[in-house]
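The structure appears right after this line, and notes come after that.
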Amino acid sequence: MLQIKNLSVNVGDKEVLHDINLTIGGGETHVLMGPNGSGKTTLLMTIMGFSSYVITKGQILFKGEDVTAMHAHERAQRGVGMMFQRPPTISGLKLGKMLTAISKTKEENIPELAKIVHMDRFLERDINKGFSGGEIKRSEVLQLMIQNPDFVMLDEPESGVDLENISLIGRNIGGLLEKDKHIVDRKKSGLVITHTGYILDYIDADKGHVMCDGEVKCHGNPREILKEIQQRGYKECLECRSQ
Amino acid sequence: MQEPVKTPGLSSTDKERLSQAGIDLEMKNRCGSYLQMDQDMVHAACDESGIEVLPYKKAIEKYSWLQDYAWKAVSPDKDDITKYVAAQEDPRGYVIIAHKGSKNVLPIQTCLFLGRDKIQHAHNIIIAEEGAELHIISGCASGSHVGKGGAHYGISEFYIKKDAKISFTMIHYWGEDIEVQPRSASIVEENGVFLSNYVCMQPVKKIQMYPTATLTGANSLARFSSIVISLPGSHMDLGSRAILEAPGASAELITRAITKGGTIISRGHIRGNVAGTRGHLECKGLILKDGIIYAIPEIEGSVVGTELSHEAAVGKLAKDEIEYLMARGLDEDEATATIIRGFLDVKISGLPEALQRQIDASIDVAEKSGF
Ligand SMILES: Nc1ncnc2c1ncn2[C@@H]1O[C@H](COP(=O)(O)OP(=O)(O)O)[C@@H](O)[C@H]1O
Ligand SMILES: [Mg+2]
């Protein structure tokens, strides 16, 4: 599904990501962990195609096609989707209007979908304006439900969200990733940034990676890596690998 | 059901221009109509009981008490425009009277169309008597063949009596050679409500206006909303003013301005003269192509207990907002249009559905042509 080769990325005039390699197969969900400021969000924004993230080296292949030079909407149209950690507020643009715009010709029942994630009362509100942490995430999930991407990136889906909302968001993310389907039939892939691991209860991830200072340093079983980090902190976890 | 308005000699292009200014010649969603082409009154009628739509001269003949209203809200000596109109021996324009307790659900439309003449003048008086509710849509347009030097001078005086309400929605569809200088003022009495909405999405050479609402009655309310786009060659000097003179009076002045190369001067002035008054002024401007948006908000309080505020911002479209929508699959143009559409989306509370739809429709037209 996604193949990243020797990718280096500048933000401003600073190189933030250095020589990243990562491959995510069809039906697989990977987890990305790492300390604050290590470059996790940068990687997701680069895969999505945001213009302030400048690729200086390497390639991104999506479904076998080189998308390195494509704009965000071309990648979105090919099936890349993302839940933002801090999406912008758009003054005046109602959530409902945005959903209609992104659903395009698809005959989605927006109010019905909105009910599922308890966002039906937000359709007439300006997008993200005054939304709480949980409301932002629910709005992001709702947008993704309409967009229905083949490859879903989630940037800290559980941060700032209470337990009840984590379960609601987690279940719907599970739906986006076709976790209800048998592994053989599952086509959708994901890349999830998490610190807490709560989300793992809903998505049973296949692989984990740890990012540090703009490099992916460690790969393995996501639950084991998480346990290691929670017991000993990132510092020791990463030292163990560099030996 | 009203008869369609007959407009002999009007080309289909000009009919289309009228329709884009909100004029429904079929009269399907209107309860009354006044149509003036150049200086000729073509049509004046209203079938809502208790509401009269009359040509100015006929009204003055019919009701001598109108002398107490003519030139009382607007001074004839105010400027060259008012002097010009006041000096006319043969005054044109309309008078709309909503008698005590009357109410229209479907709006009345008034249309001033500049077809051939150089200067069109009109003097309008609009009165909502005690407890009445009056909704008007005013479409002003010029024909596609009016050449250089066309000008429109319109005087409008609004009187909102105790517990009455007037909404006045004005949609302009001029040409790039036309100069427009309306002069209007309103007087709002106890518990009265005055909603004034202005939409101009099309080119105009010059427009200059600064309507004033004087809130003389306790708990009266005035709300001005303007939605404008200024194209290259257009000079728009737009303002609105509210003078709060009674306890509980409040005013809200809202502007959304976009320049695509033209000039917009957005003025606003709220004066709080007595305690217990409130006012808010909000101007948001978006510069899509180099042009000028000059916001001049003024708030002036002279007593303890008046609360006035303003908020003005001028900027460009934010790249992160555009890319957020692009990440959902919209291309750059679609994302831009969606954000601009949201920017212009001012919902006006208290406005009948039909009028809000009309405002939305004129924005739709601008959106379809790519803003
Ligand atoms: N827009 C930006 N401008 C400047 N620096 C940035 C920007 N975005 C990210 N960075 C920098 O890049 C590094 C990685 O940030 P980020 O990808 O947000 O980390 P993470 O998501 O792992 O916490 C940090 O040092 C951060 O300050
Ligand atoms: Mg981050």
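When only the heavy atoms of the protein chains count and the probe is 1.4 Å, how do A:Y53, B:Y294 rank by accessible area, highest first?
Working: A:Y53 50, B:Y294 130 Å².
Accessible-area ranking of A:Y53, B:Y294, largest first: B:Y294, A:Y53.
Compute the distance in nm between two label points, each set 7 Å from the Cα along the Cα-to-Cβ direction, one at B:L288 and one at B:D117.
Those two pseudo-labels are separated by 3.4 nm.
Just want to confirm a number: the relative contact order over chain B, from Cα pairs under 8 angstrom separated by 6+ residues, in percent.
10 percent
Per the helix-only calculation at 222 nm, which mean residue ellipticity applies to chain A, given -39500 (n - 2.57) for every DSSP H run of n ≥ 4 and division by its residues, nearest 500 deg cm²/dmol? Let's see the in-between values first.
Numbers: 8 runs with 86 residues, N = 243.
Calculated from helices alone, the mean residue ellipticity at 222 nm is -10500 deg cm²/dmol.
Quick check: residue separation of B:H235 and B:K148 times 0.36 nm, minus the Cα distance between them. What number comes out in nm? Each step should come with its number before you reach the end.
Numbers: separation 87, 0.36 × 87 = 31.32 nm, distance 1.53 nm.
Answer, rounded to one decimal: 29.8 nm.
Taking H as built 1.01 Å from N, whose amide H comes closer than 5 Å to the amide H of A:L93, not counting residues under 5 places away?
Those qualifying (amide H under 5 Å, at least 5 residues apart or on another chain) are A:I127.
Keeping every protein chain present and rolling a 1.4 Å probe, give me the accessible area per residue for chain A in Å². All intermediate terms of the calculation are to be shown ahead of the outcome.
Values: 10790 Å² over 243 residues.
With all protein chains present, chain A gives 44 Å² per residue.
Just to confirm the number: angle between the C-alpha axis of helix A:133-147 and the first principal axis of chain A, 0 to 90 degrees, nearest 10?
Its long axis makes an angle of about 80 degrees.
Based solely on its DSSP helices, what 222 nm [θ] is calculated for chain B when runs of n ≥ 4 H residues each add -39,500 (n - 2.57) and the sum is averaged over all residues, nearest 500 deg cm²/dmol? Kindly include the intermediate steps, with their values, before the conclusion.
Values: 6 runs with 60 residues, N = 371.
So the calculated ellipticity at 222 nm is -4500 deg cm²/dmol.
Normalised by the residues of region B:1-208, what does the relative contact order come to in percent, with Cα pairs under 8 Å and at least six apart?
Values: 551 pairs, mean separation 40.8, N = 208.
So the answer I get is 20 percent.
Express in whole angstrom the spacing between the alpha-carbon centres of region A:102-172 and region B:153-183.
Comparing the Cα centres of region A:102-172 and region B:153-183, I get a distance of 44 Å.
If r is the Cβ-Cβ distance from B:Y63 to B:Q88 and R0 is 25 Å, what FRET efficiency results, to the nearest 0.05?
Numbers: r = 20 Å, r/R0 = 0.78.
Efficiency, from the Cβ-Cβ distance: 0.80.
Can you list the residues, at least 5 places off or on another chain, whose amide H is less than 5 Å from the amide H of B:I178, using H built in the peptide plane?
Close amide H contacts, sequence-distant or interchain: B:K205, B:K206.
So if each residue of separation counts as 0.36 nm, and I subtract the Cα-Cα distance between B:K319 and B:A361, what length gain in nm does that give?
Values: separation 42, 0.36 × 42 = 15.12 nm, distance 2.72 nm.
Gain in length upon complete extension: 12.4 nm.
Compare B:W65, B:W174 by solvent-accessible area with a 1.4 Å probe and give them largest first, with all protein chains kept in place.
Values: B:W65 80, B:W174 5 Å².
Of B:W65, B:W174, the descending order of accessible area is B:W65, B:W174.
Count the net charge of all other residues whose Cβ sits under 12 Å from the Cβ of B:M41, scoring Lys and Arg as +1 and Asp and Glu as -1. List each step's numbers first, then the result.
Details: positive: B:K57, B:K58, B:R92; negative: B:D38, B:D40, B:D90.
Counting the neighbours of B:M41, the net charge comes to 0.
As an exercise, use a Förster radius of 22 Å and the Cβ-Cβ distance of B:E353 and B:K15 to find the FRET efficiency, rounded to the nearest 0.05.
Numbers: r = 24 Å, r/R0 = 1.11.
It comes to 0.35.
Per-residue Cβ counts within 10 Å, from other chains only, averaged over B:314-325: what number is that? Intermediate values should be presented prior to the final figure.
On the way: counts 0, 0, 0, 0, 4, 4, 8, 7, 5, 10, 13, 11.
Partner-chain Cβ atoms within 10 Å, mean over residues of B:314-325: 5.
Under a cut-off of 21 Å between alpha-carbon atoms, report the lysines in cross-link reach of B:K78, not counting same-chain residues fewer than 8 places apart.
B:K206
Rounded to a whole number, what % of the accessible area of the protein assembly as shown do carbon and sulfur atoms account for, probe 1.4 Å?
Values: 12050 of 25080 Å².
For the protein assembly as shown, the apolar C and S fraction of the accessible surface comes to 48 percent.
Reachable aspartates and glutamates from B:K28, Cα under 13 Å, same-chain residues fewer than 8 places away excluded?
Counting by Cα, and skipping residues close in sequence, B:K28 has these aspartates and glutamates nearby: B:E3, B:D47.
Need one number: buried accessible surface between chains A and B, 1.4 Å probe, both sides summed, DNA, RNA and ligands left out, in Å² to 100.
Working: alone 11750 and 15370 Å², together 25080 Å².
By this definition, chains A and B bury close to 2000 Å².
In nm, what is the difference between 0.36 nm times the number of residues separating B:D77 and B:E311 and their Cα-Cα distance? Spell out each step's value before the answer.
Values: separation 234, 0.36 × 234 = 84.24 nm, distance 3.34 nm.
That pair, B:D77 and B:E311, stretches by 80.9 nm at full extension.
Just give the residues from region A:96-141 buried by at least 10 square angstrom of accessible area in the all-chains context relative to the isolated chain, probe 1.4 Å, and say none if nothing qualifies.
For region A:96-141, once contacts with the other chains are taken into account, A:K97, A:M98, A:A101, A:I102, A:K104 lose 10 Å² or more.
What whole number of Å gives the distance from the Cα centroid of region B:105-146 to the Cα centroid of region B:34-56?
Here the two parts' Cα centres lie 9 Å apart.
So, in nm, how far is label B:D333 from label A:D120 when the simple model puts each one 7 Å beyond its Cα toward the Cβ?
Once both label points are built, they end up 3.8 nm from each other.
Give, in whole angstrom and from largest to smallest, the semi-axes √(5λ) of the equivalent ellipsoid of region B:1-208, with λ running over the eigenvalues of the Cα gyration tensor.
So the three semi-axes of region B:1-208 are 25, 20, 15 Å.
Just want to confirm a number: the relative contact order over chain A, from Cα pairs under 8 angstrom separated by 6+ residues, in percent. Intermediate values should be presented prior to the final figure.
Working: 443 pairs, mean separation 63.6, N = 243.
Normalised by residue count, the contact order of chain A is 26 percent.
The values are calculated or read from the model by the stated rules, or taken from the named source; none is laboratory data. Everything numeric here is computed off the predicted structure, so don't read it as measured data. A quick note on method: Cβ atoms are made from the backbone with ideal geometry, for glycine too, and the neighbour counts reach across all protein chains shown. Remember, those area values only see protein heavy atoms, side chains included, never the ligands or the DNA or RNA. Shrake-Rupley method; radii C 1.70, N 1.55, O 1.52, S 1.80 Å.
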